[in-house]
Structure formats: C-alpha cells, structure tokens
Amino acid sequence: MLNNEELQLVRRSGLFDGLDITKPPGVLDTCKILKFAGGDHLFEENDRSRGIYFIIDGIVQLIRGNKKCKPAILSLRQRGQFVGVTANLCRRCHYATGKTGRASKVLLIRGSALTTLSRRYPVIHERLISAVGENILQMARHFERLQQLQTTERLADFLLTSVTGDADETELTLPCDKGMIATYLGMERESFSRALAKLRNVGVIAEGRHIHLTNATALRELRDSLS
C-alpha cells in the first residue's frame with residue numbers, strides 16, 4: 001500500500017487537498033498501486049474506465065492514433081497529477097490511450113472508492129469537474145501554441161512551464177526523452193535538437209535530460225516575442 005510520503009503526495013493533490021482520504025476506514029484498501037515500465041499502457045482508447053490514476057512517479061502520455069499514422073500526443077501528465085478523470089466522471093470509455101513515457105508508479109483509485117469518498121466529501125465531485133475543465137484549457141492552450149509559435153519558441157514555452165519562482169538561474173530535468181517531447185511539440189527530433197542548440201544563445205545549457213537555465217527572463221522574452 002502507500003507509504004507515508006506517497007500518502008501525503010495524494011493528500012496534497014488538488015482533488016484531495018485538506019481531506020482525510022483514510023476515512024471511511026478501508027476505502028484505500030480498494031485502491032491499487034501499479035508499476036509500469038516505459039512504453040506500457042495504463043489503458044487504451046475505448047477501454048471502459050476502471051477509475052482514475054494518480055501518478056506517484058514517472059510520466060504518462062495521452063495519445064491518439066493507430067498503426068497507420070503517427071500518434072498524436074495530446075497531453076503529458078507527471079508526478080502529482082491525475083489521468084482518466086474525464087472518462088470516469090462521464091462514465092464513458094477512454095478517449096485516448098494512457099502510455100508511460102518511462103518507468104512509472106501510479107495509484108489506481110477505483111470508481112467505487114471515488115464514489116465513497118465523494119459521498120463523504122461532496123467537494124470532490126466539484127473538484128473533478130474543475131479538473132476536467134483545467135485539462136481542456138491546458139490542451140486548448142497547447143494546440144494554440146502549436147499553431148502560433150515556431151519550433152524554437154515552442155520549446156522555450158515548454159521549458160518555462162517547469163520554472164517556478166522568479167530566479168533567473170535554475171535547474172530543470174526533462175520529464176521524458178527528447179524524442180517524446182519533440183512529438184508532443186509537433187516537431188521532428190532533428191528540429192528539436194536545432195531548437196535546443198538555438199536556445200543556448202539565451203542561456204539554455206542541456207546535458208542529456210538535465211537543463212541548466214542561466215537567464216529565464218531572456219527565455220521568456222524570446223517566447224513572448226512571437227506569442
């Protein structure tokens with residue numbers, strides 16, 4: 001079951017913040033921790049929903065497509081985020097496939113457990129609706145950026161989503177391999193590499209998945225110049 005650190009991570013999530021999810025007793029016993037290697041499927045499009053998935057560690061891509069065409073990555077969900085909320089809330093099949101981008105650990109909160117918790121804490125239902133709205137806005141913004149920005153500016157925008165605070169210099173770790181990020185940003189791997197090389201001019205230093213930003217302000221100015 002969840003260790004204390006993992007339990008606190010779930011409790012701090014937007015869905016359960018301020019709520020005691022250990023009550024009623026036994027509700028978490030119906031949940032299940034799942035471990036996946038990179039490239040594994042949590043669920044596939046048109047699968048019936050079993051519940052919602054909370055990412056304890058790793059990354060999950062939501063993808064659409066088939067063997068005849070290159071899949072489209074609709075969203076990348078990371079540690080501390082939920083996957084599968086819309087299908088569960090609407091009692092529908094999954095619209096997209098949930099596929100891990102690297103080794104991942106998730107908590108499956110079954111629909112029955114979510115119903116029990118929602119009866120005890122009605123605010124959970126409101127938060128689920130809010131989460132769906134946030135996901136829609138996030139995807140809308142992403143596809144807006146794909147059309148508005150050139151490749152270099154898209155990459156700058158992606159990096160800036162991981163920057164917290166006002167410090168100009170910071171360290172980042174890419175959530176998955178560069179090829180996956182390139183697909184998400186609507187570019188080829190070679191275009192991604194060229195864009196990353198151009199960003200060195202504004203203080204982006206890359207070593208594998210590790211990114212050192214020396215001038216976040218300059219990076220924002222570059223992104224905003226064409227936004």
Within region 150-178, count every residue that is touching a residue at least 60 places away in the same chain (Cβ under 8 Å) and open to solvent by 60 Å² or more (accessible area, probe 1.4 Å).
2
Just to be sure, is L137 open to solvent by 40 Å² or more (accessible area, probe 1.4 Å), assigned to a helix (DSSP H, G or I) and farther than 17 Å from R223 by Cβ?
yes
I'd like the residue in region 79-92 that is out of contact with any helix residue (DSSP H, G or I) (no Cβ under 6 Å at 6 or more places or on another chain) and open to solvent by 60 Å² or more (accessible area, probe 1.4 Å) and, out of all such residues, is farthest from E144 (Cα to Cα).
R91
Any residue that is open to solvent by less than 20 Å² (accessible area, probe 1.4 Å), over 25 Å from R141 (Cα atoms), touching a strand residue (DSSP E or B) at 6+ places or on another chain (Cβ under 8 Å) and hydroxyl-bearing (S, T, Y) - is there at least one of those in region 45-52?
no
Could you check region 61-78 and list, in sequence order, the residues that are free of Cβ contacts under 8 Å to residues at least 40 places away in the same chain and either under 17 Å from T161 (Cα atoms) or crowded, with 19+ Cβ neighbours inside 10 Å (or both)?
L62, I63, R77
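On the basis of being modelled with pLDDT of 90 or more, open to solvent by 30 Å² or more (accessible area, probe 1.4 Å) and not hydrophobic (A, V, I, L, M, F, W, C), does H212 make the cut? So that I can check it myself, show each step before the final result.
Numbers: modelled with pLDDT of 90 or more: yes; open to solvent by 30 Å² or more (accessible area, probe 1.4 Å): yes; not hydrophobic (A, V, I, L, M, F, W, C): yes.
Criteria met by H212.
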Select from region 17-43 the residues that are closer than 15 Å to R79 by Cβ and open to solvent by less than 30 Å² (accessible area, probe 1.4 Å) and list them in ascending order.
L34, L42
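The values are calculated or read from the model by the stated rules, or taken from the named source; none is laboratory data. Everything quoted here is computed from the prediction, not taken from an experiment. Cβ: placed from backbone, ideal geometry, glycine included. Neighbour counts: every protein chain shown. Calculation scope for accessible area: heavy atoms of the full protein, side chains included, ligands and nucleic acids excluded. Shrake-Rupley method; radii C 1.70, N 1.55, O 1.52, S 1.80 Å.
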